[in-house]
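J.: One structure, as structure tokens, below. Some questions next.
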Amino acid sequence: MSVACRYPALLATLFTLCASAPALASHIAAGTYYVATNGSDSNPGTLAQPWKTLQKAATSAGPGVTVQVRGGVYNERVNIKASGSATAGYFVLQNYPGETPVLDGSNLTAPASTTGLVTLTDTSYVKVMGFELRNYSTSKSSATPAGILIEGAGTYIEIRNNYVHHISTEVKSSAGNAFGIAVYGSKAPASINHLTLDGNHLTNLKTGSSESMVVNGNVENFVISHNRVHDNNNIGIDAIGYEGTSPNPSYDRARNGIISDNLVYNISSKGNPAYGNDMSADGIYVDGGSNITIERNTVHHVDIGIEAASEHKGKLTDYITIRNNLIYQNNTVGMYYSTNNQFSNNIVVASRQGRFLSAASRPTTSPLAMNNNVYFSPLGLAQGTWQWKGADYKGLSAFSKASGNDGQSQFVDPLFVDAAKGNFALSPNSPAKGKGASF
């Protein structure tokens, strides 16, 4: 006898439960699958019969799945919510070896929110590698386009070797925003952690009031390394806190990270509609972050070389170590609203302005410890300026006496091999050789 005849009430209850329950996601088996412009999403995703869209791959994927995308242009946004796992392996979305897949936003309209050509939401154990992402823009202040957006919470996320360019806001005011790569830790206490942004190339970005590459909010244990960021109209690399990105203020700071071995250049906000003629774009910026090491980066021809600051009243950037960087031909470097930071083992070559340090706003008891640096300006020592707790000091010795810093630092030509041609290796007789301290 059927259940319908014997237990009609029970059947009605079961039907109601089944009808209201969400459908279970069906993941494909671990292995390697393929996407190509001449494929079909009804195909099995093999090399001979590939899928057509990256979204099909992202929707189907799960732990242990690698999707290789053939070269060609894909006019789509990709939303990744699938995760890998520690036991079964990563979900990997990458280029087919030797080919470059292009995600092109030319024919896409950015919606009234922040969206990426690739967006990862609440994902873990995911790698995205080897894509070109381009031509995603908006003229509306309600829309914020990004090349790659990571949001929510998740762990072990790797974004490697992607080329992101011509992502832009065309809004002619400070209300316009866009990103090259943006990471927003927007949950709490769960964070975005064990994040790697490595080997990416970000250029020709019009980001308005926003940044080329940023980690913001509840983001911890991150590595930003070996990226090339240049020719953009606002900040190159930024680690941000206190903006309300996390729903819990106790977790609302990018923290416990490393920013290393990046090349950042030709970054200026001059002409950016959000700033007019104000030249205030940093190469590398920590705005409200904590416990971050900035090392072995090269930063040149930007408005502000490296800045540690906080734009939020009563809240400090702290425990920032800036060491072993090459910083040259920038307007200035800065420390504001800061405490317990370190600037050591750097070579700083000033521009014609001759300013090596700005540390002017809201001095704290111990904003910065500085030592074992090499400073140089073609203007000469007498024209070099260090700003400390609101006062300007001419010459390294005057600054050292007033601040208690840079006692073992030098003002001397570092004798690069050929700075005019971009060769900043130290010549054999460089006075900067062996002058740094060990950490």
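The values are calculated or read from the model by the stated rules, or taken from the named source; none is laboratory data. None of these values were measured; they are calculated from a predicted model. Quick reminder, even Gly has a Cβ in these numbers, built from the backbone with ideal geometry, and neighbours come from all protein chains shown. These accessible areas exclude ligands, DNA and RNA; they are computed on the full protein's heavy atoms, side chains included. Shrake-Rupley method; radii C 1.70, N 1.55, O 1.52, S 1.80 Å.
J.: Considering Cα pairs under 8 angstrom that are at least six residues apart, work out the relative contact order of the chain and quote it in whole percent.
T.: Relative contact order of the chain: 7 percent.
J.: Amide H to amide H, which residues 5 or more places from Leu202 or on other chains are under 5 Å from it, using H placed in the peptide plane?
T.: Amide H neighbours of Leu202: Val164, Arg228, Val229, His230.
J.: In addition: Could you tally the net charge around Lys127, taking each other residue with its Cβ under 11 Å from the Cβ of Lys127, Lys/Arg +1 and Asp/Glu -1? Walk me through the numbers on the way to the answer.
T.: Working: positive: Arg160; negative: Glu158, Asp198.
Around Lys127, the charge tally is -1.
J.: With a/c under 1.5 counting as rounded, go ahead and sort the range 191-291 into rounded, prolate or oblate using the C-alpha gyration tensor (a ≥ b ≥ c being the square roots of the eigenvalues; past the cut-off, prolate if a/b is larger than b/c, else oblate). If you can, show how the numbers build up before the last one.
T.: Numbers: a/c = 2.47, a/b = 1.37, b/c = 1.80.
Because a/c hits 1.5 or more and a/b fails to exceed b/c, the range 191-291 counts as oblate.
J.: Here's another thing I want to ask about it. Mind ranking 207-213, 259-265 by how tightly packed they are, going by the mean number of other C-beta atoms within 10 angstrom, highest first?
T.: Working: 207-213: 27.6, 259-265: 22.6.
Going from most to least packed, we get 207-213, 259-265.
J.: Antiparallel as a % of all DSSP beta bridges within the chain, to the nearest 5?
T.: On the way: 10 of 141 bridges.
Bridges in the chain that DSSP calls antiparallel: roughly 5 percent.
J.: Quick one: what are the phi-derived ³J(HN,Hα) couplings along the range 218-235, Karplus 6.51/-1.76/1.60 with θ = phi - 60°, whole Hz, x for glycine and proline?
T.: Once rounded to whole Hz, the list reads 7, 10, 9, 6, 10, 10, 10, 9, 6, 8, 10, 10, 7, 6, 10, 9, 7, 2.
J.: Given a 1.4 Å probe and heavy atoms of the protein chains only, how would you sort Lys401, Lys270, largest accessible area at the top? Spell out each step's value before the answer.
T.: On the way: Lys401 185, Lys270 120 Å².
So the residues, ranked largest to smallest area, are Lys401, Lys270.
J.: Now a separate question. Once the convex hull of the alpha carbons of the range 288-330 is built, what does its volume come to per residue, in cubic angstrom? Walk me through the intermediate numbers first.
T.: Numbers: hull volume 2.6 nm³, N = 43.
Per-residue hull volume (Cα only) is 60 Å³.
J.: If you wrap a convex hull around the C-alpha atoms of the chain and split its volume per residue, what is the figure in Å³?
T.: Measuring per residue, one finds 179 Å³ for the Cα hull of the chain.
J.: Follow-up. Check which residues have an amide H placed less than 5 Å from Asp238's amide H, if you skip close sequence neighbours.
T.: Sorted by chain and number, the residues that satisfy this are Met213, Val214, Val215, Tyr285.
J.: Here's something else I'd like to know. Of Pro249, Val349, Leu117, which is farthest along the charge dipole of the chain in the positive direction, counting Lys and Arg as +1 and Asp and Glu as -1 at C-beta?
T.: Pro249
J.: Going through the range 146-228, which trypsin sites (Lys or Arg not before Pro) have at most 13 other Cβ atoms within 10 Å and a DSSP loop state? Working shown, then result.
T.: Details: sites: Arg160, Lys172, Lys187, Lys206, Arg228; in loops: Lys172, Lys187.
Here the trypsin sites (Lys or Arg not before Pro) that fit, given the DSSP loop and packing criteria, are Lys172.
J.: Moving to a separate point now. What is the magnitude of the charge dipole of the chain about its Cα centre, with +1 placed on the Cβ of each Lys and Arg, -1 on the Cβ of each Asp and Glu, and no other charges, expressed in debye to the nearest 20?
T.: Numbers: 30 positive and 29 negative charges, 32 e Å.
Its charge dipole is roughly 160 debye.
J.: Rounding to the nearest 10 and keeping the result within 0 to 90°, find how far the Cα-based axis of helix 8-20 lies from the longest principal axis of the chain.
T.: Tilt of helix 8-20: around 30 degrees.
J.: When the Karplus curve 6.51 cos²θ - 1.76 cosθ + 1.60 is applied with θ = phi - 60°, which whole-Hz ³J(HN,Hα) does each residue of the range 262-274 get, with x for Gly and Pro?
T.: With coefficients 6.51, -1.76 and 1.60, one gets 9, 10, 10, 7, 6, 10, 8, 8, 4, x, 5, x, 6 Hz.
J.: Mind checking Rg over Rh on the range 115-216, alpha carbons, Kirkwood formula for Rh? Please report the intermediate quantities before stating the final value.
T.: Numbers: Rg = 13.1 Å, Rh = 13.5 Å.
For the range 115-216, the value is 0.97.
J.: How high is the relative contact order of the range 218-331, given as a whole-number percent (alpha carbon pairs under 8 Å, six or more residues apart)? Numbers along the way, then the final one.
T.: Numbers: 324 pairs, mean separation 29.7, N = 114.
Once divided by the residue count of the range 218-331, the mean separation gives 26 percent.
J.: Something else now. Quote the charge dipole size of the range 365-439 about the Cα centre in Debye, to the nearest 20; the model charges only the Cβ of Lys and Arg (+1) and of Asp and Glu (-1). Write down the numbers at each step before the final one.
T.: Values: 6 positive and 4 negative charges, 19 e Å.
Computed about the Cα centre, the dipole is about 100 debye.
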